[in-house]
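Asks: Could you have a look at this structure, given as structure tokens, before my questions?
Nothing in this text is a laboratory measurement; each read-out follows from the coordinates by a stated rule. Since the structure is predicted, the reported quantities are computational estimates derived from the model, not experimental observations. Note: ideal-geometry Cβ built from the backbone for every residue, glycine included; neighbour counts use all protein chains shown.
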Amino acid sequence: MRVSGVVAVLVVLLGLVIVSACARAATPTPTSGPKPSEGEALLRERCARCHGLSLVTSERESADEWRAIVEDMIRKGATLNADEIDALVDYLAQTYR
Ligand code: HEC
């Protein structure tokens with residue numbers, strides 16, 4: 001009886017240790033957040049030269065519309081290669097839709 005009581009207590013304690021370890025593992029630490037995407041970096045670097053970013057971030061557009069806007073900005077003087085256009089349009093279409 002006494003031995004099984006001790007075993008029961010140990011089992012409960014072990015359970016608590018496992019649960020708290022899992023809870024800690026599931027909580028992301030503040031320093032390991034998602035890295036800013038390439039698209040976001042491009043937006044900050046290439047799209048704030050002529051006007052504020054709020055002009056961009058206040059828009060809500062579909063992917064096709066964003067592509068047309070980005071191409072329009074390239075005609076105005078923005079510099080982006082084909083890969084950068086894709087990354088930026090993906091980011092804009094997901095974030096500002
Ligand atoms: C070479 C300068 C320049 C750069 C770089 C630039 N823009 Fe623009 N953008 C403009 C001008 C000028 C306007 C205002 C156009 C107007 O008044 O009709 C504008 C307006 C806008 C607008 C408002 C809607 C519209 O079509 O007028 C959006 C959205 C926009 N830009 C997005 C962007 C994005 C996204 C980028 C980065 C790829 C970017 N811009 C980079 C010059 C630029």
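Asks: Just to check I understand the Karplus step: with θ = phi - 60° and J = 6.51 cos²θ - 1.76 cosθ + 1.60, what whole-Hz values come out for the stretch 43-53, glycine and proline as x?
Replies: Here the 3J(HN,Hα) series is 4, 5, 7, 9, 10, 9, 6, 9, 8, x, 5 Hz.
Asks: If R0 is 22 Å, what FRET efficiency do you get for Asn81 and Ala41 from their C-beta distance, rounded to 0.05?
Replies: Once the sixth-power term is evaluated, E becomes 0.95.
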